[in-house]
Each structure stands twice: as structure tokens, then as C-alpha cells.
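The values are calculated or read from the model by the stated rules, or taken from the named source; none is laboratory data. Everything numeric in this text was worked out from a predicted model, so none of it was measured. Cβ placement follows ideal geometry from the backbone for every residue including glycine, while neighbour counts extend to all protein chains displayed.
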Amino acid sequence: MLLEFVRGNTRLAPVPFVPEVTLHQADEPIALWEKTEQDGGEQPPPFWAFAWAGGQALARHVLDHPELVAGRSVLDLATGSGLVAVAAARAGASPVTANDIDPYSLAAASANAAANGVAVTLLEADILDTDDPYGVILAGDVFYSREMAARVLPFLRRAAARGGLVLVGDPGRAYLPDSGLVERAAYDIPVPVSLESVPSRRTRVWQLVNQ
């Protein structure tokens, strides 16, 4: 089972910049990636096994400002480990939906929600062409490729146009849009050198505004 794989190939540890949240985390990405492919077939990189800078920034921000999400429906888009979903749930959001297209990611999000004693709904689907109304959409580290940005940005803009609160956590990825963003916070986030080549990244939380 995927849940057993996640638990068997990671260790529970506090998130560096969000120590009140504990995640199943891996120490080394390549070896874990190879393990996910041992049963045959290509698998995406194990983004779910690490606390990425954008996600840490968003998690820190909603825990420090629970009024942003408390009592509201929240979507954690491209959830990865589920860190942001867990933080939103801890801050009082309800319901909280963790969305990803990678089943390993949702297994990790399930394990991490259980480890932190919160309730998170899992949604394995490509929802970027949909328009389901969430009160808050949280998107960490989603502007890492031209293709992803081209699909994510219209989805987020539609949500903002409907009046939803859209927050983006980003450490300066190449395809972050250069307009329609208002900075809400900036943090120096500890990151794995094996993934980012540096020990920390200046990471901002942006609000996407309706233009």
C-alpha cells in the first residue's frame, strides 16, 4: 500500500520553519525516487517527501494569521506532503481539501494529517480546468515550470475573481507572474541543500488579486 510505503521510507520530523507541524520526510530524493519506480513505470519526483520553501512559508503564515482561514473552506493546490493543508486545518479551516495528481502525494498527506491529528479531505484529480468555489486557495511552489504556470495561473485568477482569497508561497521560482500579486510576508526558509543547492531561500507569501 502507498501509505505503508510512505511511512516505511520516511521519518517523522518537525518542519524546520513550522516546528509545530510534524511530517514524514525523506533524507535523500534520488534514492527514494528510484524506490517509487521499482514496481515498474515512471513516477514523478517524490515532491511529497520534503517540506518545500513555498509550502513552509504558507504554513507559517496561516498559523500566524489563523483569521485568514478559520471557518473557511480551503484548497491546498498541488499539496505535495500536505504541509499547507495540515497547517490550515490546525488554524481552524474547515473543510480542508488537499489536491494533487500524484497518489503518493495524497498518501503522504493522509499520513501527515493523521500524525498531526487533523482532518483533511484528499482529492486526486487535475482540477485546473474546474471552478469549484473554495473560500481560500493556498498554492505553494507551483510556478516551477512554464507549463505548470500556464495552467495554474488562470485557475487562481478565476478563484480571485470570484472573491476567493488566493495565497501563493514562492521562493523566486522562474515562472512566478510579474503582475497581480501583493506581498503579504517574506521569510528566510531553511531548505535541504540537496534540493535547492543553498541552505535557505528568501520566500514570499503573495496574495493574487483580481485585476
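Tabulated results
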item: Criterion violated by Asp178 - all others in (1) modelled with pLDDT under 95; (2) closer than 21 Å to Phe50 by Cα satisfied; result: (2)
item: Residue count, segment 1-24 (criterion: outside any strand (DSSP E or B) and either buried (at least 20 other Cβ atoms within 10 Å of the Cβ) or touching a Phe, Trp or Tyr at 6+ places or on another chain (Cβ under 9 Å) (or both)); result: 5
item: Residue check for Asp131: touching a residue at least 12 places away in the same chain (Cβ under 8 Å), over 19 Å from Leu3 (Cβ atoms) and over 17 Å from the mean Cα position of the chain (by Cα); result: yes
item: Residues that are of a type in the set (D, E, K, R) and closer than 14 Å to Asp100 by Cβ, drawn from segment 116-150; result: Glu124, Asp126, Asp141
item: Matching residues, segment 49-79, being touching a helix residue (DSSP H, G or I) at 6+ places or on another chain (Cβ under 6 Å), farther than 23 Å from His24 by Cα and polar (S, T, N, Q); result: none
